[in-house]
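Read-outs: derived from the displayed coordinates by stated rules, not from any lab. Quick caveat, the model's predicted, so the values are computed rather than measured. Neighbour counts run over all protein chains shown; Cβ positions are idealised from the backbone, glycine included.
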Amino acid sequence: MATIELEKLNKAYPVKSGTGVLQVLHDFSLTVNDGEVVCLLGPSGCGKSTTLDILAGLTAPDSGTVSVGGSAGWGALTCGYVFQRPQLLNWRTVRQNLEFALAGKGEPKKSWRERTDEYLALVGLADFADAYPLSLSGGMQQRVSLARGLVIEPDVLLMDEPFSNLDELTARRLRFELLEIVSEQQTTVLFVTHNALEAAFLGDRICVVSPRPARVVDEFDVPIGRPRSPEDVALVEIQRRVLDMLEPDRPARTRLGKDLADV
């Protein structure tokens, strides 16, 4: 069971001047149930990425607890992480970047070719397996990063605004593909975004995060079955509710125009 439980996390960083600290998380608590897709939505710089880094074990909280599958640490469970920026190994080919992830998981080498072919095709990069990352556009590099996170077929997938640097047609297609994959593999997903409609389309639940220091201030269930359509008026209504929570002073006369522009 890949249930995630974050309990009263606190995290602060020293400020550059050397006087005082910047409090990023304050009593941050969140549960993501096994097989659930939860979207973490809040303003830029509020601490969402720090939350993912703590969960992945890349940084330690100052206090609080992290539990995955009922235990501290990851144990036998696997974690995929798709960063906001590609974070690729530029001296390795696209295929070798995916193989690096498979090797880290301990997958038998005889399965690497089939697995890398499958996931590169999924993100539309089958013809670029032997290319090096720096020869690709930024959007293509991000698709490699997505394939690398998925190729290990993780128990938990952490995603930090992975589609924000893609053109909208590619991002739209990959959102559909992502939901198909995680549904088939029953992957637990924590997805960071600042796009309210993306959160409504992808999530089983949306957790709204306060400005720094971050804490969850509200939650929205998305009671809409899958497959979903981004044009579903029910999703646009959920987006409107989330935006009202994030921007309570928005003039009512501008809301409909802004909401539809985000679609």
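Meeting the requirement of 1 or more residues that are in contact with an Asp or Glu (Cβ under 7 Å, 6 or more places away or on another chain) and surrounded by fewer than 20 Cβ atoms within 10 Å (Cβ to Cβ), the helices (runs of 4 or more DSSP H) wholly within segment 153-254 are 168-185, 233-246. For beta carbons closer than 7 Å, sequence separation of 6+ or different chains, a first residue in segment 226-242 that is on the phi > 0 side of the Ramachandran plot and a second that is of a type in the set (Ser, Thr, Tyr) and exposed (fewer than 15 other Cβ atoms within 10 Å of the Cβ), there are no qualifying pairs. Quick check on residue 109: is it basic (Lys, Arg) and over 17 Å from residue 192 (Cβ atoms)? Against the criterion (basic (Lys, Arg) and over 17 Å from residue 192 (Cβ atoms)), residue 109 qualifies.
Screening segment 113-138 for residues that are hydrophobic (A, V, I, L, M, F, W, C) and crowded, with 19+ Cβ neighbours inside 10 Å and picking the one that is farthest from residue 181 (Cα to Cα) gives 128.
The residues of segment 63-92 that are surrounded by 14 or more Cβ atoms within 10 Å (Cβ to Cβ) and touching a strand residue (DSSP E or B) at 6+ places or on another chain (Cβ under 7 Å), listed by number, are 64, 66, 67, 68, 74, 77, 79, 80, 81, 82, 83, 84. Which residues, counting only those in segment 160-206, are farther than 23 Å from residue 138 by Cα and over 13 Å from the mean Cα position of the chain (by Cα)? Within segment 160-206, 180, 181, 183, 184, 185, 186, 196, 197, 200, 201, 204, 205 meet the criteria.
What number of residues within segment 177-200 satisfy the criterion of being touching a Phe, Trp or Tyr at 6+ places or on another chain (Cβ under 9 Å) and farther than 17 Å from residue 144 by Cα? Residues flagged as touching a Phe, Trp or Tyr at 6+ places or on another chain (Cβ under 9 Å) and farther than 17 Å from residue 144 by Cα within segment 177-200 amount to 6. For residue 51, the criteria (1) closer than 19 Å to residue 6 by Cβ; (2) surrounded by fewer than 18 Cβ atoms within 10 Å (Cβ to Cβ) hold in every case but one, which is (2). Taking (1) assigned to a helix (DSSP H, G or I); (2) touching a Phe, Trp or Tyr at 6+ places or on another chain (Cβ under 8 Å) in turn, residue 8 satisfies each apart from (1).
State whether one or more residues within segment 24-40 are in contact with a Ser or Thr (Cβ under 9 Å, 6 or more places away or on another chain), assigned to a loop (DSSP other than H, G, I, E, B), closer than 17 Å to residue 155 by Cα and polar (S, T, N, Q). Yes; the residues of segment 24-40 include at least one that is in contact with a Ser or Thr (Cβ under 9 Å, 6 or more places away or on another chain), assigned to a loop (DSSP other than H, G, I, E, B), closer than 17 Å to residue 155 by Cα and polar (S, T, N, Q).
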